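Okay, so here's the structure we're looking at.
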Amino acid sequence: NLSGAAPNLTILPANTTVCYGQQVTLTANNASTYNWSGGVVNGVPFTPLATSTYTVTGTSISGATSTASITITVNPLPSITASVNPTSICSGDSVIFSVSGATNYVWSGGVNENIPFYPSASTTYTVTGTDVNGCTNSNTVSVTVLPAPTIIAFASPPVVCKNKPTTLFALGASSLQWSGGMQSGIAFTPSSTATYTVTGTDATGCSNTSIVEVKVVENVPISISNPFPTMCL
């Protein structure tokens, strides 16, 4: 502007709405130099912390000045609240994730809120929520997956003559429950070949099972490893 008239200032962008944390670039035109309020530098990106009005004074080469203003609206980020129930499970159990604070959500790990989900291992999941203003925020929630105990079960002997006793044993958990009313370490006489299931529960409340077969025969098979085989009478 070489005349003495005040410059006809324009500001780009004309209207600005951002989410908290986003950058804005304000550029005034039609003057020689520009002096912005709020520490803004013409054409340089900055991050507004709150809704504010910024004023620029433009000076032409002749020294004539004029001002223009623009309001930047800063929308807050949504406050995302995420939870999981329960937070600690045994392997193979399910959990339910819940989330609030926005209108649309995207979970990591294939999670969908309010639908049973089966974590395979202890994991931290992230949910990103977007509100009606298009602003996004995220939160995390962790699930601890406890391993099932390893139950070792066996019968001694595993093959018996009819009307002869055997004894069931199990290791690997603090609580052991056998099918058929059997008890570990207590001899019983099976009437026929059968399988017995033991359920073990550890201190964390997680459980697992193991199966033992006891064979009842008329004659105990002779094997090379048994030089003194017992014959059923």
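Taking all protein chains together and rolling a 1.4 Å probe, T67 ends up with roughly 90 Å² accessible. In terms of accessible area, using a 1.4 Å probe and ignoring ligands and nucleic acids, S88, S174, S66 rank largest first as S174, S88, S66. In the chain, the DSSP beta bridges split such that about 85 percent are antiparallel, to the nearest 5.
Translational diffusion coefficient of region 125-181 (Stokes-Einstein, Kirkwood radius from Cα pairs, 10 °C, 1.306 mPa s): 94 µm²/s.
Our Cα-only numbers for region 6-78 put the radius of gyration and Dmax at 12.8, 49 Å.
For the chain, the fraction of 1.4 Å probe accessible surface lying on carbon and sulfur atoms is 53 percent.
Computed with a 1.4 Å probe over protein heavy atoms only, the accessible surface of the chain comes to 56 Å² per residue.
Structure remark: mean-square fluctuation, Gaussian network model of the chain, C-alpha springs under 10 Å; the largest value among C90, C19, C161 belongs to C161.
Using C-alpha pairs under 8 Å with a sequence gap of at least 6, the mean separation divided by the residue count of the chain gives a relative contact order of 13 percent.
Report the equivalent ellipsoid semi-axes for region 39-80 in whole Å, largest first, defined as the square roots of five times the eigenvalues of the gyration tensor built from alpha carbon atoms.
30, 11, 5
Set the Cα radius of gyration of the chain against 2.2 N^0.38 Å, with N its number of residues, and you get 2.18.
The values are calculated or read from the model by the stated rules, or taken from the named source; none is laboratory data. All values derive from a computational prediction rather than experimental measurement. Just the protein is used for accessible areas: all its heavy atoms, side chains included, with ligands, DNA and RNA removed. Shrake-Rupley method; radii C 1.70, N 1.55, O 1.52, S 1.80 Å.
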